[in-house]
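Have a look at the structure below, then the notes.
The values are calculated or read from the model by the stated rules, or taken from the named source; none is laboratory data. Since the model is a prediction, treat every value here as computed from it, not as a measurement. Reconstructed Cβ throughout: ideal geometry from the backbone, glycine too, with neighbour counts over all protein chains shown. Calculation scope for accessible area: heavy atoms of the full protein, side chains included, ligands and nucleic acids excluded. Shrake-Rupley method; radii C 1.70, N 1.55, O 1.52, S 1.80 Å.
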Amino acid sequence: MSTDLQTTMTQEMQQLDQAHLWHPLTQHQPYQMGFAPLIITGGSRCTVKDMNGKEYLDVAAGLWCVNVGYGRDEIAYAALEQMQTLAYYPLTQSHPKAIHLGAKLAEYLPNNPHVYFSNSGSEANETAFKMVRQYWRQKGFASKYKIISRHRGYHGSTMGALSATGQSERTRDYEPLVPGFSQAAAPYCFRCSFHMEYPTCQMQCAEDFERRIQIEGAENVAAIIVEPITAGGGVLVPPVDYLRRVREIADKYHLLLIVDEVVTGFGRTGAMFAHTDYGVRADVVTMAKGLASGYMPIGATAVSDEIFEAFLGEPESGTHLRHVNTFSGHPVACAVALKNLEIIEREDLVSHSRRMGEYLISQLQLRLAAHRMVGNIRGRGLLVGVEIIDAIDGSPVQDATMKSIAANLVNRGILAGKTTDIEAGHNNVLIFAPPLIITESEIDCLCDAVKSALSQI
């Protein structure tokens, strides 16, 4: 294809995009001034390609979900075979792929063997909130409906999940939010809300849950929800004993603990699920992204026997979960998820994620630790954040600086993530969450590009 023809086709696609698509988390006015989003047409392993044939190392794995990498033919074949066999059937009845996927998830989560399928992380969390509220009502505690989450935490974009989200920039134009949600402090050691340091702080961020419970009244609180590592809020890695303390507080006040593994699940942090790596038992686990590596939309909410059994009763008792999703447990999505999990196990991507994560952090520290604009490098497995600060006073750099760094990386063939719309003046973390199959040489390319990009600021 000639260069002129390729340019014309790209321009036509950009015009159609501008005329008809509404992109998430995006200000569209620059598109009307000649700027345009990348139009990605293909992908293989950790690399994607745009309409002009330029290749990019995708160290954000799409939206932190393409865990097994792009271009897996066997996943496509699994989807095709399922479409030819049974393209759709609702889980008001059942079908084999959902059964097998539920059983597989129960192998990973023996404390949470009952699975409700949905289509996204937001829906998985919405389902969890409805479950815990109905659970307590049916246990005779109708006043227990409030959910406590954390500042900077993210749990989804639907109204209930958004209400649990502790990101003021995400929520500000959509109030009033759903009643019954409040936030405790984030485990943000680099910018501690209490101006203390671990371990002498005695984990005041965890103790803040107890204070919030006492303010709300334990008789009114149904559950705590946490991400094991706050992902989109800036890769906030808590102290190793933090989650155990949160579990203790939940038990002390007779609450349920919901663990949001939407980002951190399926090898992202070097464990199949991050909370089990911390030695913590969850009452409810929500998941999505890495469940099918983004090849199909699917989410899930897994619960303990105790919660599930509270919904049992006579057919006319009304104690069943009165909740439904048309595409819940979609046969094709379940087939894709099963093949994806088979790949993760066969290629031992969980261990590979842990090793490559250690290598990524070590190489970032080697190249960036002395840079005056690098305030903190943190992460677990292949979920890593680099906090960018003002070289003079250490304050968070402004959004314009972060956009400049991201654009510089794009020009160098690197697609990275960054905090967006979290908290005014505090969106200053570069985020790296590449496919779990990334190699050391690709990590070297990433780290060199980041060093070069920062040198241009």
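Of everything in segment 267-293 that's of a type in the set (S, T, N, Q) and within 13 Å of the chain's Cα centre (by Cα), which residue is farthest from VAL240 (Cα to Cα)? Top of the filtered list is SER293. Number of residues in segment 199-248 that are surrounded by fewer than 22 Cβ atoms within 10 Å (Cβ to Cβ), aliphatic (A, V, I, L, M) and outside any loop (DSSP other than H, G, I, E, B): the value is 2. Based on what the data block shows, is GLY375 more than 25 Å from ILE225 (Cα to Cα) and either part of a loop (DSSP other than H, G, I, E, B) or of a type in the set (Phe, Trp, Tyr) (or both)? Answer is no for this residue. Going through segment 370-420 one residue at a time, which ones are among the basic types (Lys, Arg) and within 29 Å of ASN67 (Cβ to Cβ)? Answer for segment 370-420, where residues must be among the basic types (Lys, Arg) and within 29 Å of ASN67 (Cβ to Cβ): ARG378, ARG380, LYS403, ARG412, LYS418. Inspect all residues belonging to segment 111-124 and state whether any of them is among the β-branched types (Val, Ile, Thr) and over 24 Å from the mean Cα position of the chain (by Cα). Scanning segment 111-124 turns up no residue that is among the β-branched types (Val, Ile, Thr) and over 24 Å from the mean Cα position of the chain (by Cα). Summed over segment 28-50, residues that are in a loop (DSSP other than H, G, I, E, B), open to solvent by 70 Å² or more (accessible area, probe 1.4 Å) and at pLDDT 90 or above total 1.
Checked against (1) out of contact with any helix residue (DSSP H, G or I) (no Cβ under 7 Å at 6 or more places or on another chain); (2) open to solvent by 60 Å² or more (accessible area, probe 1.4 Å); (3) within 30 Å of ALA302 (Cα to Cα), MET13 passes all but a single condition, namely (3). All of THR264, THR301 fail the test of being surrounded by 24 or more Cβ atoms within 10 Å (Cβ to Cβ), in contact with a Pro (Cβ under 8 Å, 6 or more places away or on another chain) and either touching a residue at least 24 places away in the same chain (Cβ under 8 Å) or farther than 20 Å from ARG244 by Cβ (or both), apart from THR264. Candidates are the residues of segment 360-384 that are small (Gly, Ala, Ser) and more than 19 Å from VAL263 (Cα to Cα); the one that is least open to solvent (accessible area, probe 1.4 Å) is GLY375. Quick test of your reading of the structure: SER441 fulfils all but one of (1) within 17 Å of MET373 (Cα to Cα); (2) assigned to a helix (DSSP H, G or I). Name the failing condition by number. All conditions pass for SER441, except number (1). Do you know which of the residues in segment 436-457 that are touching a strand residue (DSSP E or B) at 6+ places or on another chain (Cβ under 7 Å) and closer than 15 Å to LEU383 by Cα is surrounded by the fewest Cβ atoms within 10 Å (Cβ to Cβ)? For segment 436-457, the residue satisfying everything is ILE437. Looking only at segment 51-92, count every residue that is among the polar types (S, T, N, Q), modelled with pLDDT of 95 or more and more than 22 Å from the chain's Cα centre (by Cα) and tell me the total. Residues flagged as among the polar types (S, T, N, Q), modelled with pLDDT of 95 or more and more than 22 Å from the chain's Cα centre (by Cα) within segment 51-92 amount to 4. Quick check on segment 70-84: of everything there that is touching a Ser or Thr at 6+ places or on another chain (Cβ under 8 Å) and touching a residue at least 40 places away in the same chain (Cβ under 8 Å), which residue is surrounded by the fewest Cβ atoms within 10 Å (Cβ to Cβ)? Taking the candidates together, the pick is ARG72. Across segment 128-144, the number of residues qualifying as open to solvent by 30 Å² or more (accessible area, probe 1.4 Å) and either part of a helix (DSSP H, G or I) or not polar (S, T, N, Q) (or both) comes to 8.
Contact map, segment 377-390: first residue closer than 16 Å to GLY290 by Cα, second residue part of a strand (DSSP E or B) and open to solvent by less than 20 Å² (accessible area, probe 1.4 Å), Cβ cut-off under 9 Å, separation 6 or more or different chains; pairs are LEU382/PHE432; LEU383/ILE431; LEU383/PHE432. Any residue at all in segment 385-406 that is open to solvent by 10 Å² or more (accessible area, probe 1.4 Å), more than 19 Å from VAL48 (Cβ to Cβ), in contact with a helix residue (DSSP H, G or I) (Cβ under 8 Å, 6 or more places away or on another chain) and of a type in the set (S, T, N, Q)? Within segment 385-406, not a single residue is open to solvent by 10 Å² or more (accessible area, probe 1.4 Å), more than 19 Å from VAL48 (Cβ to Cβ), in contact with a helix residue (DSSP H, G or I) (Cβ under 8 Å, 6 or more places away or on another chain) and of a type in the set (S, T, N, Q). Filtered by the rule that a residue be open to solvent by 40 Å² or more (accessible area, probe 1.4 Å) and within 21 Å of the chain's Cα centre (by Cα), segment 407-419 gives a lone residue, LYS418. Only one of the listed residues (ASN125, ASN67, ASN111) is under 30 Å from THR420 (Cβ atoms), in contact (Cβ under 8 Å) with a residue 24 or more places away in the chain, of a type in the set (S, T, N, Q) and part of a loop (DSSP other than H, G, I, E, B). That residue is ASN67.
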